[in-house]
1. Enumerate the pairs (first residue in segment 20-48 and under 12 Å from GLY67 (Cα atoms); second residue anywhere and modelled with pLDDT under 95 and acidic (Asp, Glu)) with beta-carbon separation below 7 Å, excluding pairs fewer than 6 apart on the same chain, so at least 6 apart or on different chains.
2. Within 18 Å of ILE282 (Cα to Cα), away from ligand 1 (no atom under 11 Å from the Cβ), free of Cβ contacts under 8 Å to residues at least 60 places away in the same chain and out of contact with any Leu (no Cβ under 7 Å at 6 or more places or on another chain) - does that describe any residue in segment 88-95?
3. Looking only at residues that are among the hydroxyl-bearing types (Ser, Thr, Tyr) and within 11 Å of ligand 1 (Cβ to nearest atom) in segment 96-136, which one is farthest from ASP77 (Cα to Cα)?
4. Name the residue that is nearest to GLY234 (Cα to Cα), counting only residues in segment 182-223 that are at pLDDT 95 or above and among the β-branched types (Val, Ile, Thr).
5. Among the residues of segment 256-285, what is the count of those that are of a type in the set (A, V, I, L, M, F, W, C) and within 30 Å of ASN195 (Cα to Cα)?
6. Does ARG242 count as part of a strand (DSSP E or B) and either over 22 Å from the mean Cα position of the chain (by Cα) or basic (Lys, Arg) (or both)?
7. What residue, of ASP125, ASP138, ASP77, is without any contact (Cβ under 8 Å) to a residue 24 or more places away in the chain, surrounded by fewer than 22 Cβ atoms within 10 Å (Cβ to Cβ) and charged (D, E, K, R)?
Amino acid sequence: MQDLCARTITYLRLSVTDLCSLRCRYCMPAGGVPKRDHGDICSVEELVEITQAAVDCGVRKVRLTGGEPLVRRGILDICQRISAISEVEELCLTTNGAVLSQLAKPLREAGVDRLNVSLDTLRPDRYAYMTRGGRLEDVFRGLEAAAEASFAGTKLNAVLMKDFNEDEIPDFVDIARRYPVEVRFIELMPIGEGNRTQFLPAEIVRSVCPDLRPIEGSGVARRYRSPDGRGTVGLIEPMSHRFCAACDRIRVTADGKLKPCLHSSQEIPLRGLHGEALRQAIQAGVAAKPERHHMNETGRSEAGRNMHQIGG
Ligand code: SAM
Ligand code: SF4
């Protein structure tokens, strides 16, 4: 599938729930979110049907996200059925890691190829503060379980925040030096609860760790390696280096709306559509992909939803 800017769309980010076990301060409102009726969220069958239609249109990589995908009932069934679609070359999942220690092995067995684990701090007290009650040791246990379940290429995603984790940049980079993982620093976006005053340009990582050497980029990430590093460091800079020209993705929310762009309010309802009608709606969504986001000019995302309702 090509959009009107000649970008080839091969990547689907599929949200399976907007609920979460944590309430990160930049993502979720303090009071959490009201649980929706069962019928408001796509069923397992609908998620698989939408994925199959997207694959028929050219998608080859699928990422399951949320909310927290691991709290979705039937997550293993969803993984199994999507990984069984022969044209899906890579099935990935983004998680906060809180229950990963119990699910890493079953996820691997259900056909998940790769994990991204969100971890914004390496200090238990800060972690509990930012996630409003999360336990850092759960994430560490999850990471160990993932390694034991022979997940390779695991990425750690840390959102950079002024007066929160900027002093931990060297510690994160050290993880990428000692372990074969990619540590990715993500710029805080003015979406949902994201507080603009805490924004830090990801370039700061290079000034704090000047020995990082550039290596080949991957997707929307600029990448670096320490001279003796086993892993890599990635910078995801939606604000400082808009990467819209390289965007290869579409998103589908847990309530079945296709979002051509994370930061646009445009949504195409997919529920109730089947076969050719569903494929045409997906193609219409790709054709509607805006050239770029406008957060730098407006200071605000126009997504119309919080991140937990889209999936990042
Ligand atoms: N619950 C899962 C997790 O935390 O990995 C998946 C969903 S979460 C919405 C996906 C990613 O979006 C996480 O890495 C999170 O840190 C990131 N995120 C949420 N709000 C953000 C914001 N305002 N700016 C940048 N990243 C954000
Ligand atoms: Fe939940 Fe992920 Fe949002 Fe944190 S970032 S509240 S873990 S959805």
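The values are calculated or read from the model by the stated rules, or taken from the named source; none is laboratory data. Please read these numbers as outputs of a predicted model, since none were measured by experiment. Counting neighbours? That spans all protein chains shown, and the Cβs are built from the backbone with ideal geometry, glycine included.
1. These pairs meet every condition: CYS27/GLU193; MET28/GLU193; VAL33/ASP18.
2. Scanning segment 88-95 turns up at least one residue that is within 18 Å of ILE282 (Cα to Cα), away from ligand 1 (no atom under 11 Å from the Cβ), free of Cβ contacts under 8 Å to residues at least 60 places away in the same chain and out of contact with any Leu (no Cβ under 7 Å at 6 or more places or on another chain).
3. Ranking the qualifying residues of segment 96-136, first place goes to THR131.
4. VAL183
5. Start the filter on segment 256-285 by keeping residues that are of a type in the set (A, V, I, L, M, F, W, C), which leaves 258, 261-262, 268, 270, 273, 277-278, 281-282, 284.
Next cut, within 30 Å of ASN195 (Cα to Cα) only: 258, 261-262, 268.
Residues that pass the stated criteria total 4.
6. It is false that ARG242 is part of a strand (DSSP E or B) and either over 22 Å from the mean Cα position of the chain (by Cα) or basic (Lys, Arg) (or both).
7. Exactly one of ASP125, ASP138, ASP77 is without any contact (Cβ under 8 Å) to a residue 24 or more places away in the chain, surrounded by fewer than 22 Cβ atoms within 10 Å (Cβ to Cβ) and charged (D, E, K, R), namely ASP125.
Let's see how each residue does on (1) touching a Gly at 6+ places or on another chain (Cβ under 9 Å); (2) more than 16 Å from ligand 2 (Cβ to nearest atom); (3) in contact (Cβ under 8 Å) with a residue 12 or more places away in the chain; (4) aliphatic (A, V, I, L, M):
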{"position": "VAL62", "(1), (2), (3), (4)": "no, yes, yes, yes"}
{"position": "GLY66", "(1), (2), (3), (4)": "yes, no, yes, no"}
{"position": "LEU70", "(1), (2), (3), (4)": "yes, no, yes, yes"}
{"position": "ILE85", "(1), (2), (3), (4)": "no, yes, yes, yes"}
{"position": "VAL99", "(1), (2), (3), (4)": "yes, no, yes, yes"}
{"position": "ALA104", "(1), (2), (3), (4)": "yes, yes, yes, yes"}
{"position": "LEU107", "(1), (2), (3), (4)": "no, yes, yes, yes"}
{"position": "SER118", "(1), (2), (3), (4)": "yes, no, yes, no"}
